[in-house]
Amino acid sequence: MPQYTPPVRDTRFVLEHVVGLQNFSNLPGFDAATPDVVDAVLEEGGRFVAEVLFPLNQSGDQEGCTRHEDGSVTTPAGFKEAYKRYVESGWATLGNLPEYGGQGMPHVVSTAFQEYMISSNMAFAMYPGLTHGAIAALLAQGSEAQKQMYVPKMVSGEWGGTMNLTEPQCGTDLGLIRTKAEPQADGSYAITGTKIFISAGEHDLTGNIIHLVLAKTPGAPDSSKGISLFVVPKVLVNDDGSLGERNAVTCGSIEHKMGIHANSTCVMNYDGAKGWLVGEEMKGLAAMFIMMNAARLGVGLQGLGIAEVAYQNAVQYAGDRRQGRALTGPQEPNEKADTLFVHPDVRRMLMEAKAWTEGLRALCLWGALQVDLEHHASTDEDREMAGDLVGLLTPVIKGVGTDKAYEVATNAQQVYGGHGYIQEWGMEQYVRDARIAMIYEGTNGVQAMDLVGRKLAQKGGRAVQAFFKIVGEEAAAGKADPATLAIAEALEKALGQMQAATMWFMANGMKNPENVGAGAVPYMHLTGLVAVGLMWLRMAKAATALKASGEGDSAFLDAKLVTARFFAERIMPDAGALRRKIEGGADTVMALPPEMFRAA
Ligand SMILES: Cc1cc2nc3c(=O)[nH]c(=O)nc-3n(C[C@H](O)[C@H](O)[C@H](O)COP(=O)(O)OP(=O)(O)OC[C@H]3O[C@@H](n4cnc5c(N)ncnc54)[C@H](O)[C@@H]3O)c2cc1C
């Protein structure tokens, strides 16, 4: 049976020393996030997920969801009760706005809690996760009446939310959407079409489900410019807020899939369902992107959550399992064999997992802070800077975070040898669950294209230049201290590789856009190395300062310093190879005609 302990000490270290939560106490929401309150959220939230959600993770995976003849869907045993406890204990409202019934905690604090939820039960965490995305879109684009009608009950957890983009003929290319929205005399629209792969499209956890649906109005252009966003409740809501008639939207079937079995993935049939326009007609994609951006950061966090729990279990197993002897001779001569921990190759896998997981935690939380600052920083300049960083880092946190998390999960499985392949140990579930995060919310290839095709050039390259400046200055300062020299030097080198690769794109992308497409994923990973390298420099700097002042647990701080050096010496050198791949261009990637890929 796998185990999970919320990594509260590490979260606290990151919040204090990388995010610097205490420096923002003048901003809305942050004033309430005193160290005591944050500690209580982490401790109590950690206890809640470990005691209530984690025990349902394996059973939920094995049982899955069930669709019934009438189109209703039941979640696995225990989920309904756990969801009720989640709502009653107030966890649903943590990061939401007080004017809609939320507790108004900073996004960065609720993100820390969400990581714990994901580690304990990713499939469960997706139900409220999608609701949060739908709330974000309604708040940004909905009318005042729509906000009042739907948001408070979604915030409280009484109602759920979904996002309906995908159709059989379109996933990445949303311009191909066929779902139709016909205007009605009463100002509503009749929505007709089929959506597939809709997470949490139907379930038994909430009294209503508020679907946000992309569709096209009559005469709209046959491209992404013709898409509008609609709110379509599963059960129609009366003016007084009570539930009315059932709307004409049903779950046609649920998918049988590789992982996240306890989250229902639905085919949704809209048969003239009543919907209302959200925001402006034909501006639906922009509205949906508000939701997608929040959701993409959430998917990056899913990577982190799974990496953490997989890593924790691999560490436990490596300490219990005895095979062979250390290369330097028996470490425990009284035992028949040493533990797996003595083997450098097992250590390599565990160190890579530790370095990526802790580094990604810092990056996810720093990214979440930027989301807070984008809305609440006190000057226009600070808000713009935070917005630029959110835009630049979102595809990196999603794409690199989930690619690396999958690697961490498979390496954690590898530490178990054959036992990792056996269901009972739980590791194969983590590999299966981690896999989807690389695909949905825009595949990681599409994240990379978003980074190089849109984010790099936006506003004359302002975001990437700001990022270069932050990294360059911190790396230069880090070189002055022998304790941070290794990571600062490695970071400076990797930054140089990223700057050179960026110049190469500028020089060669115009000549042939396929050069950019072929280098996009390596460039995203190069950016990820630099961003996580920056996090390790900050963690090393904080650990050095705490040690010098005699504060903190010195074993924990020493481990931070060693892991920072490991990241510098064993992971950051990949930056050079990534740059070379980018500069290899598209020639060999695109040279072969499709028939040369086929066997016959
Ligand atoms: C379990 C699960 C849950 C999901 N939940 C939801 C949900 O709640 N709501 C929702 O609307 N959708 C959901 N999806 C759909 C998901 O977001 C899409 O599957 C995903 O965006 C990819 O679309 P596609 O499957 O059509 O692949 P395609 O778009 O056909 O892509 C196939 C391949 O081509 C690549 N590709 C395509 N276009 C480009 C391009 N322009 N440049 C570079 N590469 C490209 C892709 O990277 C991919 O490797 C879910 C899917 C799954 C499996």
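The values are calculated or read from the model by the stated rules, or taken from the named source; none is laboratory data. Computed from a predicted model, the values in this text were never measured in an experiment. In this analysis, Cβ positions are derived from the backbone assuming ideal geometry, glycine residues included, and neighbour counts consider all displayed protein chains.
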Select from region 175-194 the residues that are within 13 Å of the ligand (Cβ to nearest atom) and within 23 Å of G142 (Cβ to Cβ) and list them in ascending order. I177, T179, G193
Where in region 409-508 are the helices (runs of 4 or more DSSP H), entirely inside, with at least 2 residues that are within 16 Å of the ligand (Cβ to nearest atom)? 427-436, 444-450
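Of all residues in region 82-102, how many are of a type in the set (K, R) and either on the phi > 0 side of the Ramachandran plot or in contact with a helix residue (DSSP H, G or I) (Cβ under 6 Å, 6 or more places away or on another chain) (or both)? Write out each step before concluding.
Step one: filter region 82-102 for residues of a type in the set (K, R), giving 84-85.
With either on the phi > 0 side of the Ramachandran plot or in contact with a helix residue (DSSP H, G or I) (Cβ under 6 Å, 6 or more places away or on another chain) (or both) added as a condition, the list becomes 85.
Residues in region 82-102 being of a type in the set (K, R) and either on the phi > 0 side of the Ramachandran plot or in contact with a helix residue (DSSP H, G or I) (Cβ under 6 Å, 6 or more places away or on another chain) (or both): 1 in total.
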Tally the residues that are surrounded by fewer than 20 Cβ atoms within 10 Å (Cβ to Cβ) and either within 15 Å of T5 (Cβ to Cβ) or of a type in the set (S, T, Y) (or both), restricting the search to region 313-328. 4
Would you confirm whether or not region 276-290 contains a residue that is away from the ligand (no atom under 15 Å from the Cβ), of a type in the set (A, V, I, L, M), farther than 15 Å from E202 by Cβ and surrounded by fewer than 16 Cβ atoms within 10 Å (Cβ to Cβ)? yes
Kindly list, by first and then second residue, each pair from a residue in region 438-450 that is in contact (Cβ under 8 Å) with a residue 24 or more places away in the chain and in the same structural domain as D403 (by TED's automatic domain parsing) to a residue that is more than 6 Å from the ligand (Cβ to nearest atom) and assigned to a loop (DSSP other than H, G, I, E, B), limited to pairs with Cβ atoms under 7 Å and residues at least 6 apart or on different chains. N444/M438
Do any residues in region 184-203 that are assigned to a strand (DSSP E or B) have Cβ atoms under 7 Å from those of residues that are acidic (D, E) and more than 12 Å from the ligand (Cβ to nearest atom), where the two are at least six apart or on different chains, and which pairs are they? Y189/E182; A190/E182; T192/D271
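Looking only at helices (runs of 4 or more DSSP H) that fall completely inside region 1-68, which ones have 3 or more residues that are within 24 Å of H107 (Cβ to Cβ) and under 22 Å from the mean Cα position of the chain (by Cα)?
Numbers: elements: 8-14, 35-48, 57-63.
By residue number, 8-14, 35-48.
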Kindly indicate whether any position in region 413-425 is surrounded by 19 or more Cβ atoms within 10 Å (Cβ to Cβ) and free of Cβ contacts under 8 Å to residues at least 12 places away in the same chain. yes
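So which residues in region 545-557 are crowded, with 19+ Cβ neighbours inside 10 Å and touching a residue at least 60 places away in the same chain (Cβ under 8 Å), if there are any at all? Can you show your working first?
So in region 545-557, the residues crowded, with 19+ Cβ neighbours inside 10 Å come out as 546, 557.
The answer is L546, and nothing else.
Within region 496-507, can you find the residues that are within 16 Å of G461 (Cα to Cα) and touching a helix residue (DSSP H, G or I) at 6+ places or on another chain (Cβ under 8 Å)? Let's see the steps before the verdict.
Taking region 496-507 first, the residues within 16 Å of G461 (Cα to Cα) are 498-507.
Hits for region 496-507 are M498, Q499, A500, A501, T502, W504, F505.
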Note on region 195-230: residues crowded, with 18+ Cβ neighbours inside 10 Å, of a type in the set (S, T, N, Q) and within 16 Å of the ligand (Cβ to nearest atom) are S199, T206, S228
Can Q141 be described as at pLDDT below 95 and more than 28 Å from H261 (Cα to Cα)? yes
